[in-house]
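**Q** Quick one: the structure is below, questions incoming.
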Amino acid sequence: MKIGRNDLCPCGSGKKYKKCCIGKEREAAVPALSLVGATAETTVRGTIAQPLVEEHAVSEGKTASQGDKLTLPKLRKLVSRDLQWESPAHERLGLTLIEQMRYEYDKELIAEALMLWNGYSRKVKPLVKKEGVFCAAIEYLLSEEYGFMLSQADLAQKYEVAPGTIARRVKELRVYAEEHGIGSPEESFPPDLLIGTMSGSAKEKAQQLVYKAMEAGNSKSRIQLARAALELDLDNPGAYLVLAEEAENEHEARTLLKSGMEAGRRELGGEFFAENKGHFWLIQETRPYLRVCKSYAESCWFGGISEEAAQTLEHMLELNPFDNMGARFLLLAVYLYSDRLEKAEELLKAYGADDGSASFAYDRMVLEFKRHGVTSRLKMLYRVAKGVNKHVPDYLLGAKILPHNLPDFIGMGDANEAIEYVIMHSRLWASVPELLKWMLKQ
């Protein structure tokens, strides 16, 4: 089985193959390849030479599928049409890179070289006098990254330039790579090119695109990848979730999330829901649906559609009573906000016995206040809540300023838990101003 460079390494390290054992395997292959002298003039030591044929190559008895591979024409199109360049000379050098590397490297590595050159040239705007100097420097930097064991002297001979000039450009490129990264060009790939590097069915490729969209560092890439995923699989709920996160307003986001829920229902099917209700989270393929449900409920909550939020969260708890995603916490806030106090008490009885969260601790105060006003029990509940998380009152009462975004990590009793609680439950507390005034006096 052929291992893709972006697949997990089979050694079990958890790293991508290109970041782990790819160099070791190629080094081990060099002595055997060196016994075959037919391509000595065209093969650089430390790389695996490819047969000197064009794109219709036959490998391991199978004809390569043009639609499923990153081909030379696609790489040329990437340079000539998809990427932006500061100078025609920079574009010409990109095409030269393809021709210089085409017989010695797989197409994905050539693509990485192109993305490195594109990013570097657009930022630094270098004057290109000898193309070979930059080509050699890029190839050397990639050989370092992937363990190909090339020397600058080898590359100087290949490109007919002085080793000293290569060293200077390598230094400049390394500074750029250290700041902006090297070896992960996928975010800059047009989606159709990226799809060409993937294997599997249309549905599997769509899911891979969604994973890449989730990891992408900019909105444009996330949107492009998610839309490309939906072109392959209209019923991928994760793609709708990504697009909702990048939506311009809450109404647009909520519409996308609702579409994502409908897509998830179509994908899983009604029979699947009936058979697996009660242990949904244990089945991996249900999780995108549950995530989009939770995001939709949150969007409804912040948009003032409390009944819809409650119904969605109740649906999640029916599917997954163990509540691995914490739907119960927002559902309690929705019940309290809507004065559905009986439902709030039932929820606390079902989940609150051994719960040590700030969410339940402070929401118990709201329930007590709505039931009986200021009582000795309310004072006791406040003491208990501060014992669970002492940071909540500071953010709730304005002594500390809330950040604009939810924290990435939350610990029991820490400031991040308080921030997450106050942001998510702000509508609830805004509905009980008298309770806030009472807390200020304590």
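The values are calculated or read from the model by the stated rules, or taken from the named source; none is laboratory data. Because the structure is a prediction, the values reported are computed rather than measured. Counting neighbours? That spans all protein chains shown, and the Cβs are built from the backbone with ideal geometry, glycine included. Calculation scope for accessible area: heavy atoms of the full protein, side chains included, ligands and nucleic acids excluded. Shrake-Rupley method; radii C 1.70, N 1.55, O 1.52, S 1.80 Å.
**Q** Looking at residue 148 and the list (1) part of a loop (DSSP other than H, G, I, E, B); (2) at pLDDT 90 or above, which single condition is not satisfied?
**A** (2)
**Q** Using the structure shown, decide if residue 426 is within 16 Å of residue 331 (Cα to Cα), open to solvent by 20 Å² or more (accessible area, probe 1.4 Å), modelled with pLDDT under 95 and in the same structural domain as residue 332 (by the TED database). Steps first, please.
**A** Values: within 16 Å of residue 331 (Cα to Cα): yes; open to solvent by 20 Å² or more (accessible area, probe 1.4 Å): yes; modelled with pLDDT under 95: yes; in the same structural domain as residue 332 (by the TED database): yes.
Considered against the rule, which asks whether it is within 16 Å of residue 331 (Cα to Cα), open to solvent by 20 Å² or more (accessible area, probe 1.4 Å), modelled with pLDDT under 95 and in the same structural domain as residue 332 (by the TED database), residue 426 comes out as yes.
**Q** Shifting gears a bit: Name, by its number, the condition in (1) β-branched (Val, Ile, Thr); (2) modelled with pLDDT under 90; (3) under 15 Å from residue 263 (Cβ atoms) that does not hold for residue 210.
**A** It fails just one condition, (2).
**Q** Residue 260 versus (1) part of a loop (DSSP other than H, G, I, E, B); (2) of a type outside the set (Val, Ile, Thr); (3) in contact (Cβ under 8 Å) with a residue 12 or more places away in the chain: which is the lone unmet condition?
**A** Result: residue 260 fails condition (1) only.
**Q** Which of the residues that make up region 205-217 are open to solvent by less than 60 Å² (accessible area, probe 1.4 Å) and not small (Gly, Ala, Ser)?
**A** Pass one, region 205-217, residues open to solvent by less than 60 Å² (accessible area, probe 1.4 Å): 205-207, 209-210, 212-213, 216.
Selection gives 205, 207, 209, 210, 212.
Condition check ((1) open to solvent by 60 Å² or more (accessible area, probe 1.4 Å); (2) at pLDDT below 95) across all residues:
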{"residue": "222", "(1), (2)": "no, yes"}
{"residue": "245", "(1), (2)": "yes, yes"}
{"residue": "251", "(1), (2)": "yes, yes"}
{"residue": "256", "(1), (2)": "no, no"}
{"residue": "261", "(1), (2)": "no, no"}
{"residue": "278", "(1), (2)": "no, yes"}
{"residue": "283", "(1), (2)": "no, yes"}
{"residue": "288", "(1), (2)": "no, yes"}
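**Q** So residue 242 passes all but one of these: (1) free of Cβ contacts under 8 Å to residues at least 12 places away in the same chain; (2) closer than 23 Å to residue 221 by Cα; (3) of a type in the set (Val, Ile, Thr). Which condition number does it fail?
**A** Condition not satisfied by residue 242: (1).
**Q** Next question. Is it the case that some residue within region 95-111 is surrounded by fewer than 19 Cβ atoms within 10 Å (Cβ to Cβ) and either closer than 22 Å to residue 179 by Cβ or in contact with a Pro (Cβ under 8 Å, 6 or more places away or on another chain) (or both)?
**A** no
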